[in-house]
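Here the structure comes first, spelled out in structure tokens, and everything after it is commentary.
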Amino acid sequence: MFKKALDQLYNIYEKIFTNISFFSFLYMKIHEPSVKKEIQMANVKSTDKVLQIGCGAIPYSLRIFSQETHAQVTGIDNQPRSIEKAKKFIGDNKDIHLEQAAGETYDVSGFDVILISYGVGDIEAVLKNTFHHLKTSGRIILRKPITESTEYIDKVLKEHTTVKMKLLLSQESYIIMKQKPYVSS
């Protein structure tokens, strides 16, 4: 219930402020420290192919990933209006690809790092698709509400999380890998 209310608030913010560049810039700057930490936690390199599922109308994460890593980045969102506005936000940046698509069925097999956004509607279905098709060496950055919990999500997080970080408000970010890296003691 809290997630739905927060999602509505984000949707209202995006509708109002995507057309005002100062507020879009402010939105990006508020989230920038968290995104930079996620980039470090997931060890994103310039040779990685990065996908964000649920990029929204203000794809600040894609812009930060592109600026910080120079990796090839793609953003998808299932809302046509969000993709239309996201293209305006990105402008003429040729390093960022955007398309309308659903994370529950999108072919993620060609990506090294997959970011599942907080605002994704059915996090479990997106995580199932993503985790099932994840490369052996791939990483998932899962942003989720603290309150979002299902048996499947909990099992994946327990067995495959390498790092966890608290984000803004009631959000957490997890780095998930099919095979955790070996750490000697």
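The values are calculated or read from the model by the stated rules, or taken from the named source; none is laboratory data. All values reported here derive from a predicted model rather than from experimental measurement. A quick note on method: Cβ atoms are made from the backbone with ideal geometry, for glycine too, and the neighbour counts reach across all protein chains shown.
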Any pair with Cβ under 8 angstrom, 6 or more apart, that starts in segment 143-166 at a residue that is more than 19 Å from GLN179 (Cβ to Cβ) and ends at one that is among the aliphatic types (A, V, I, L, M) and loosely packed, with under 11 Cβ neighbours inside 10 Å: none
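Among the listed residues GLN72, GLN67, GLN79, identify the single one that is over 20 Å from GLN40 (Cβ atoms) and not β-branched (Val, Ile, Thr). Don't jump to the end; show me each part of the working.
On the way: GLN72 fails: over 20 Å from GLN40 (Cβ atoms); GLN67 fails: over 20 Å from GLN40 (Cβ atoms).
On inspection, the qualifying residue turns out to be GLN79.
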Where ILE30 falls short, out of the listed (1) among the aliphatic types (A, V, I, L, M); (2) under 12 Å from the mean Cα position of the chain (by Cα); (3) surrounded by fewer than 18 Cβ atoms within 10 Å (Cβ to Cβ): (2)
query: Which of the residues spanning segment 1-59 are modelled with pLDDT of 60 or more, among the charged types (D, E, K, R), assigned to a helix (DSSP H, G or I) and within 30 Å of LYS135 (Cα to Cα)?
result: GLU32, LYS36, LYS37, GLU38
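Out of all the residues in segment 90-97, is one or more closer than 14 Å to ILE141 by Cβ, buried (at least 21 other Cβ atoms within 10 Å of the Cβ) and at pLDDT 95 or above?
Within segment 90-97, the first condition is being closer than 14 Å to ILE141 by Cβ, and the residues that meet it are none.
No, because not a single residue in segment 90-97 is closer than 14 Å to ILE141 by Cβ, buried (at least 21 other Cβ atoms within 10 Å of the Cβ) and at pLDDT 95 or above.
One line per residue, one yes/no per condition, for (1) among the polar types (S, T, N, Q); (2) touching a Lys or Arg at 6+ places or on another chain (Cβ under 6 Å):
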site: ILE83; (1), (2): no, no
site: ALA102; (1), (2): no, no
site: ASP107; (1), (2): no, no
site: ASP112; (1), (2): no, yes
site: LEU115; (1), (2): no, no
site: TYR118; (1), (2): no, yes
site: ASP122; (1), (2): no, no
site: ASN129; (1), (2): yes, no
site: HIS132; (1), (2): no, no
